[in-house]
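The values are calculated or read from the model by the stated rules, or taken from the named source; none is laboratory data. For clarity, every value in this text was computed on a predicted model and none was experimentally measured. Cβ placement follows ideal geometry from the backbone for every residue including glycine, while neighbour counts extend to all protein chains displayed.
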Amino acid sequence: MINKYKYHIPLIFLLCAIFVESSFPSSYYPKIDFELSDKIVHIIMYFTLFFCFYYSFVNQHKSRMLNVYALFFSVLFTSLYGASDELHQYFVPNRSCDFYDWLADSIGAVMALITIYLLTKFYKPFNRFILRTNDTSK
């Protein structure tokens, strides 16, 4: 049973981790003294989230549309999750809903989109790595 869902586990884990992390009040975190450090963290997290969405979508077979348009849906869902996370933070004490944090989330998603597009176009071993072509456990 776990083999059926193994391509979705990283995505589910990261979605839960982001939700839990954003549930803590801002006073919980240490101050980092360089400008834009918060935005860099957002870009890195949502860059990674995009990869997890993409990995999940290209390795599922229930929806042909999700599979064929995995890049589009990955950037869409990553950006929507960033927006929902910012909305969620509005209700957390000492946190705020920040448009620029969402923008950083979306920038991370677009950077990952460009990275995956270039890897799939110009680095063929990446396709074998990301797709489960030799997997017999469906």
Name the residue that is modelled with the lowest pLDDT, counting only residues in region 42-66 that are exposed (fewer than 15 other Cβ atoms within 10 Å of the Cβ) and in a helix (DSSP H, G or I). 64
Under the condition of being outside any loop (DSSP other than H, G, I, E, B), under 28 Å from residue 7 (Cα atoms) and among the hydroxyl-bearing types (Ser, Thr, Tyr), which residue from region 67-109 is nearest to the chain's Cα centre (by Cα)? 78
I'd like the residue in region 84-116 that is touching a His at 6+ places or on another chain (Cβ under 6 Å) and not aliphatic (A, V, I, L, M) and, out of all such residues, is surrounded by the most Cβ atoms within 10 Å (Cβ to Cβ). 105
Condition first: in contact with a Phe, Trp or Tyr (Cβ under 6 Å, 6 or more places away or on another chain), in a helix (DSSP H, G or I) and of a type outside the set (A, V, I, L, M). Can you find one or more residues in region 6-20 that meet it? no
Matching residues, region 64-89, being over 20 Å from residue 17 (Cβ atoms) and not β-branched (Val, Ile, Thr): 64, 65, 66, 67, 69, 70, 71, 72, 73, 76
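Do you know which of the residues in region 24-34 that are closer than 18 Å to residue 95 by Cα and of a type outside the set (Gly, Ala, Ser) is modelled with the highest pLDDT? Quick ask: steps written out before the conclusion?
Let us first name the residues in region 24-34 that are closer than 18 Å to residue 95 by Cα, namely 24-32.
Filter once more, so that each one left must be of a type outside the set (Gly, Ala, Ser): 24-25, 28-32.
On the way: 24: 86, 25: 83, 28: 58, 29: 60, 30: 61, 31: 67, 32: 65.
Filtering region 24-34 for residues that are closer than 18 Å to residue 95 by Cα and of a type outside the set (Gly, Ala, Ser), the one modelled with the highest pLDDT comes out as 24.
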Odd one out for residue 63, checked against (1) in contact (Cβ under 8 Å) with a residue 24 or more places away in the chain; (2) over 14 Å from the mean Cα position of the chain (by Cα): (1)
